[in-house]
Each structure stands twice: as structure tokens, then as C-alpha cells.
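Participant: Would you mind keeping the following structure in view while I ask a few things?
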Amino acid sequence: MTGIAFTPFETRVGTIVRLARQADALGLDRVQVAETPTYNALLVLAEIAAWTASIEVGTLTAQAGVAPAATALQRASRGRLVLGVGPSIGTLSTLRARLDGHVPLALAAHAPEAIRIAGGLADEWAPTPWPRSRLAEGRALLRGGRRPVAPPAAPRPILPPP
């Protein structure tokens with residue numbers, strides 16, 4: 001997966017949207033935006049989704065309270081939203097329950113135990129920060145945390161309009 005991510009240090013929404021549009025045109029897989037005091041990440045992602053065709057949009061560290069807005073953004077983006085969750089099992093579990101599988105969750109983890117948890121609870125692992133040279137090790141940790149019986153992968157649900 002290739003993509004771009006914006007940290008809280010980038011506060012120029014116009015720049016974020018412009019670069020996300022370029023990333024979409026180049027065929028990158030995902031653009032991720034961190035929450036900042038300057039803007040609401042989900043609103044920025046909604047703007048990106050409106051201006052792009054296929055790139056996935058995602059947060060870096062979503063909080064449990066974003067579930068209702070995330071469901072609406074999943075519908076508006078035609079199934080392109082992935083919520084990044086920081087290394088908090090409580091937040092991950094709460095979002096899993098509130099979203100009922102309608103929005104994929106990516107656990108941002110870098111400690112070995114947290115990566116194992118990502119393999120068992122999250123839909124994917126966001127290797128932030130994780131050295132590229134250790135990706136094979138991280139993937140092995142993910143496999144160690146996989147649920148014992150996993151259903152076959154299904155396409156992401158796209159919610160119908162309300």
C-alpha cells in the first residue's frame with residue numbers, strides 16, 4: 001500500500017486537499033489526516049472524498065466519539081474510509097462495537113504486543129512509526145494475533161443513503 005499521511009503539523013487544509021487530489025491522480029492507495037486543534041479530520045476527509053475518485057481516506061488516531069460521523073463519511077465516500085486508531089484497546093473495542101463492521105479500523109501500533117492485538121482485533125495494522133526494514137517482523141507479529149477462525153474476506157460494506 002502506498003499513500004500519504006498528514007501530521008498535525010500540516011494545518012493548511014487547501015494544501016492537504018490539493019496533495020490528496022494529486023495522490024489520487026497518481027494512483028496512490030490512501031491519504032490519511034491527523035486530527036488537530038486547527039480542523040476536524042473527518043471534515044477534511046469529506047472534502048477530499050468529494051474531490052477524488054478512488055483513493056481511500058483515513059484518520060491517523062480516531063477517537064470513539066467519531067463513530068456517527070464516520071458512518072456518514074463512509075456512505076458519502078462510497079466505502080473509502082478507514083479509521084486509524086491509536087494504541088488503545090478501549091477505543092478500538094468501542095469503535096468496533098459502535099460501527100458494527102461498517103468502517104474498517106487500522107490500529108496504529110509499534111510495540112510487539114500492540115501489533116499482535118492489531119492482528120486479532122483490528123482490520124489492519126498501520127505501521128506508524130515502524131521501520132521499513134522491520135516490516136517482515138511486524139507482519140509475523142500480526143499473524144500471531146490473528147483470530148483462530150476468520151471468515152473469508154468480504155467486500156467493504158457501502159451503506160445505502162438514509
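The values are calculated or read from the model by the stated rules, or taken from the named source; none is laboratory data. Just so you know, these numbers come straight off a predicted model, no measurement behind them. No Cβ is skipped: glycine too gets one built from the backbone with ideal geometry, and neighbour counts run over all protein chains shown. The accessibility values were calculated without ligands, DNA or RNA, using every heavy atom of the protein model including side chains. Shrake-Rupley method; radii C 1.70, N 1.55, O 1.52, S 1.80 Å.
Participant: Would you call residue 86 touching a residue at least 24 places away in the same chain (Cβ under 8 Å) and open to solvent by 10 Å² or more (accessible area, probe 1.4 Å)?
Facilitator: yes
Participant: Looking at residue 108, is it open to solvent by 10 Å² or more (accessible area, probe 1.4 Å), under 15 Å from residue 61 (Cβ atoms) and aliphatic (A, V, I, L, M)?
Facilitator: yes
Participant: Testing residue 23 on (1) on the phi > 0 side of the Ramachandran plot; (2) part of a helix (DSSP H, G or I), one condition comes back false. Which one is that?
Facilitator: (1)
Participant: A further question on this structure: How many residues does the range 129-152 contain that are assigned to a loop (DSSP other than H, G, I, E, B), modelled with pLDDT of 65 or more and surrounded by 12 or more Cβ atoms within 10 Å (Cβ to Cβ)?
Facilitator: Result for the range 129-152: 1.
Participant: Filter the range 111-128 for residues that are open to solvent by less than 70 Å² (accessible area, probe 1.4 Å), in a loop (DSSP other than H, G, I, E, B) and at pLDDT 75 or above and give the result.
Facilitator: 111, 122
Participant: Please go through the range 20-53 and give me each residue that is within 27 Å of residue 132 (Cα to Cα) and either open to solvent by 60 Å² or more (accessible area, probe 1.4 Å) or in contact (Cβ under 8 Å) with a residue 40 or more places away in the chain (or both), ordered by number.
Facilitator: 21, 22, 25, 26, 29, 30, 32, 35, listed by residue number.
Participant: OK, next. Could you look through the range 69-83, keep only residues that are in contact with a helix residue (DSSP H, G or I) (Cβ under 8 Å, 6 or more places away or on another chain) and assigned to a helix (DSSP H, G or I), and pick out the one that is surrounded by the most Cβ atoms within 10 Å (Cβ to Cβ)?
Facilitator: Applying the filter and picking the extreme gives 70.
Participant: Follow-up question, since we're still on this one. Of the residues 11, 94, only one is assigned to a helix (DSSP H, G or I) and either in contact (Cβ under 8 Å) with a residue 40 or more places away in the chain or not hydrophobic (A, V, I, L, M, F, W, C) (or both); which?
Facilitator: From the options 11, 94, the qualifying one is 94.
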